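First up is the structure itself, then whatever we jot down about it.
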Protein chains: 2
Amino acid sequence: MKALRFDGHRLSLRSMRRPSPRRGEVLVRVRLAGICSTDIEILRGYMEFRGVPGHEFVGTAQSPAPRRLAGRRVTGEINLPCGSCGLCRAGLGKHCPRRSVLGISVRDGAFAEYLALPAANLHPIPDTVSDEEAVFTELLAAACEIPERVRITRRTRVAVIGDGRLAALAVQVLGLRTDRLVLFGIDPAKMETISSLGYETRPAEEATGCAGAFDVAVDCSGSPGGLPGAVGLVRPRGTVVLKSTFAGEARWNPSTVAVGEITIVGSRCGPFPAALELLERGLVKVMPLLTAIYPLERWETAFRRARGRGSFKVALEIGP
Amino acid sequence: MKALRFDGHRLSLRSMRRPSPRRGEVLVRVRLAGICSTDIEILRGYMEFRGVPGHEFVGTAQSPAPRRLAGRRVTGEINLPCGSCGLCRAGLGKHCPRRSVLGISVRDGAFAEYLALPAANLHPIPDTVSDEEAVFTELLAAACEIPERVRITRRTRVAVIGDGRLAALAVQVLGLRTDRLVLFGIDPAKMETISSLGYETRPAEEATGCAGAFDVAVDCSGSPGGLPGAVGLVRPRGTVVLKSTFAGEARWNPSTVAVGEITIVGSRCGPFPAALELLERGLVKVMPLLTAIYPLERWETAFRRARGRGSFKVALEIGP
C-alpha cells in the first residue's frame, strides 16, 4: 500500500506492507485523513515518533469485523491501551503507560491506504454525516472533553486562546453552554471565519487589557505563550484548561498561579459518541473549517497549506 | 522606631515614624518576626516592594483595641482587602485586586518595632503557645490550606518537593491525613531534621525513578524546577499543588500536563485558626525548625543565616 512515512528527519511517500490486524483488531481502508497540528509537531520531533503519522480519519471497516462495523464508514479512537494495568481497569485506558497511539506513538497511522485498530476503538459514522464532516470527529471529541473536566454554566465567562481548528471547535462546543465567550486569536482570516459563525473574536494583543476578566480560559493555541496568556486572563480562583501540546519549552513564572490560587486542568482526547452526536444534530459547523482536500500524492502541498496562514483543516483523500 | 527598610536596592536599619493605625486598625508592638523566603525573594525584586518587609510576627496589641485583643499577644493575617469589591464580598478578600499585603505590597511589615493591621486580621495566641512557636503561624496556615484545596485520604500517595520551612510544615499537616508520604529534598542537614520528626525523605535525584508514582505532589521548593518536578511525579489525572513563588522564570514544556490530564492547583495563604489549633494541640512540631533568633541589630547575620544551607526558620527578636 501507499503510505507517508516519517523517518525522524523527513516525511516521504513510499510503498509499505499493509498492517496485519491483531486479535480483536479491524483493518480499515482509509478514505480521508486530516492533518493535525500534532502531525506538524511530530515532524519537528514531538514524541520522537517514527512511522506513519495521521490520527484523524474516516475509512471503511474491512471484513472480518463485528457486524456493527463490517463494511461501514467508521472513525476511531486513537489510544491502544494494554487493557490490564490499573489505569486501564479504572477506565482510564487513554492514560495507560504501555499504550500505543495511532500515528503518534508506536502504531502506524492514517496517512496510508490501510490502518488497523481494535474494534472497540471504532465508531460507525451516521449516514447523514459526510466524510468531510466526520474527519473532524477526533478533534471535536477533544473539544467535547473541556466541559467534561470544567463546569461551564450560562453565567461562566470563558476565553478561548487560539484561532486554529481546535479553538474554532472549542468555541462552538462551549457556546452551547454559555454566551459569555470570547476567542483571542492572531490570524485575521481565521478570526473572520470564526466571527462569521457567530462568535466574538478579539486580537490577542487585547488580552492584556482583559486581565482577570474570565472565570475559565482554554488554551488551544498550540504554542508556548498560550498557557501564560490563559493564566493572565482568569480571575483569582479561576480555571485554565490546557489543551496545547507542542515541542520545545515555555518560559514563564508560575508564581501568579500560586498567588491567584488558579487551577490548571490538562485535557486531551475526548468522547467520540458526543462528537458524532453533535455532528449528526448539526449543532457544530465544521464545513467552514475545511480549508482544502488534496490527494495523497499531493501531500507536500497539503502540509504546506496546513501550516500556512488562514488555514484551518487540510485533509488528504486517500482511497475510495 | 527602629525598622529595616528596603529601598529597591538594599535593606538598611533606620529610624522611622511609627505607623498610624487607621480606623479599625490596631497598633502592634512587634516581639518576634520570622524571615521568610518571600522576604529573600523581595530583596531580589519580587513584587517590586519598597518599604519594611516582614509578615510573620508575634506582637502585643496596643490600646486602643477590641477587648479580645487589647494587651494580648497576637499574630495576624497579612492581606488587607478593600472590603467592598466582588471578590471581598464573595469571601475571597485575600484575592482583592486593591489589597495591600503586610510587608509584601504597599503596607509596611514586621521588621520594625511597630506595625498596624486591621483588628479583623489579628488573632490572639493561646497562652500555652510560645512566641517562638507562634511565629510559625502564618507559614503553618499556608500548609493547612493544602488539604483545603485537594482531597487527601488515608490512601492518597503524596509527595512533597522541597526541604525548607514550608515543606517541613506541609509533611506534618499532610501526615495527619495519610501515611503514604515522601518528601524529596536536596539539603542533607534539613532532610535529617525532617526524618527525625518521623517522615520519609529521599534525595531529589531519586524523583526521576518515581515518575507517576504519586496521586498528589506538592511543590514547596520555592524554585523554578519545582513545578516540572512535581508534574513528573504524579500519575495521569493526578494533582499538583503549587505553593512556590519566586522571582525569575521557569523553563519547561507543559505538554505533559495536557497529555496526562494533570490538574495544577495554585495555593497561597491559609486559615490562621486551624494553624493556631494545631500548635495549641501540639500536633505539629515547629521548635526543631527554629534555626536561630537574632536581635534586630544583627539583621545582616540573620539574613545570611536564613539564606544558608541547613537553615530552616531564622527570626528577629525586635521588642519586649
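The values are calculated or read from the model by the stated rules, or taken from the named source; none is laboratory data. Bear in mind that the values here come from a model prediction, so they are computed numbers and not experimental data. Quick reminder, even Gly has a Cβ in these numbers, built from the backbone with ideal geometry, and neighbours come from all protein chains shown. Protein only, heavy atoms only, side chains kept; ligands, DNA and RNA dropped before computing areas. Shrake-Rupley method; radii C 1.70, N 1.55, O 1.52, S 1.80 Å.
Listing for the model above:
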| item | result |
| --- | --- |
| Kirkwood-type radius of the range B:142-266, with distances r between different C-alpha atoms, in Å | 14.1 Å |
| Nearest-first distances (nm) between copies at A:MET287, label 7 Å from Cα via Cβ | 7.9 |
| Rough spin-label spacing in nm, given labels placed 7 Å along Cα→Cβ, for A:GLU205 and B:ALA120 | 4.2 nm |
| Student exercise, the range B:142-266 dipole from Lys, Arg, Asp, Glu Cβ charges, in Debye to nearest 20 | 420 debye |
| A:HIS55 accessible area, assembled protein chains, probe 1.4 Å, Å² | 0 Å² |
| Accessible surface of A:CYS85 - all protein chains present, 1.4 Å probe, nearest 10 Å² | 20 Å² |
| Ranking by accessible area, most exposed first, for B:SER84, A:SER15, B:SER130 with a 1.4 Å probe | A:SER15, B:SER84, B:SER130 |
| At 7 Å out from Cα toward Cβ: A:PRO124 inter-copy label distances (nm, ascending) | 7.5 |
| Other-copy label distances relative to A:GLY8, 7 angstrom Cα-Cβ extension, nm | 5.4 |
| Distance from the range B:238-264 to the range A:220-251 (C-alpha centre basis), Å | 11 Å |
| C-alpha center-to-center spacing [the range A:133-160, the range A:1-71] in angstrom | 26 Å |
| Cleavage-rule hits (chymotrypsin sites (Phe, Trp or Tyr not before Pro)) in the range B:89-167: DSSP loop, at most 15 neighbouring Cβ within 10 angstrom | none |
| Efficiency of FRET from Cβ geometry, A:LEU176 and A:LEU13, R₀ 35 Å, rounded to 0.05 | 0.30 |
| Buried solvent-accessible surface, both chains (A, B), 1.4 Å probe, Å² to nearest 100 | 3200 Å² |
| Rounded to the nearest 10 Å², the accessible area of A:ASP7 at probe 1.4 Å | 60 Å² |
| For the range A:253-266, Karplus couplings with θ = phi - 60° (6.51, -1.76, 1.60), whole Hz, Gly/Pro x | 10, x, 3, 4, 5, 5, 5, x, 6, 7, 10, 10, 10, x |
| Closest approach to the axis - chain B beta-carbon, rotation onto A, Å | B:ILE264, 2 |
| Summed side-chain charge close to B:GLU297 - residues other than B:GLU297 whose Cβ falls under 15 Å, Lys, Arg +1, Asp, Glu -1 | +3 |
| Rounded to the nearest 20 debye, dipole of chain B from Cβ charges on Lys, Arg, Asp, Glu | 800 debye |
| Solvent-accessible area per residue for the protein assembly as shown (1.4 angstrom probe, square angstrom) | 41 Å² |
| Dipole moment magnitude, nearest 20 debye, the protein assembly as shown about Cα centre, only Lys, Arg, Asp, Glu C-beta charged | 460 debye |
| Heavy-atom accessible area ranking, 1.4 Å probe, most first, across A:THR75, B:THR201 | B:THR201, A:THR75 |
| Carbon/sulfur fraction of accessible area - the range A:251-320, other protein chains in place, 1.4 Å, % | 52 percent |
| Signed unit charges on C-beta, dipole axis of the range A:142-266, positive-most listed residue A:LEU176, A:ALA204, A:PRO188 | A:LEU176 |
| Threshold 50 Å² - residues in the range B:229-254 whose accessible area is reduced by that much or more when the chain is no longer isolated, probe 1.4 Å | B:PRO236, B:ARG237, B:GLU249, B:ARG251, B:TRP252, B:ASN253, B:PRO254 |
| Of A:LYS243/B:LYS243; B:LYS190/B:LYS313; B:LYS94/B:LYS313; A:LYS243/B:LYS94; A:LYS94/A:LYS190, those spanning more than 20 Å from alpha-carbon to alpha-carbon | A:LYS243/B:LYS243; B:LYS94/B:LYS313; A:LYS243/B:LYS94; A:LYS94/A:LYS190 |
| Sequence-separation-based contact order of the range B:19-109, relative, with Cα cut under 8 Å and 6+ spacing, percent | 28 percent |
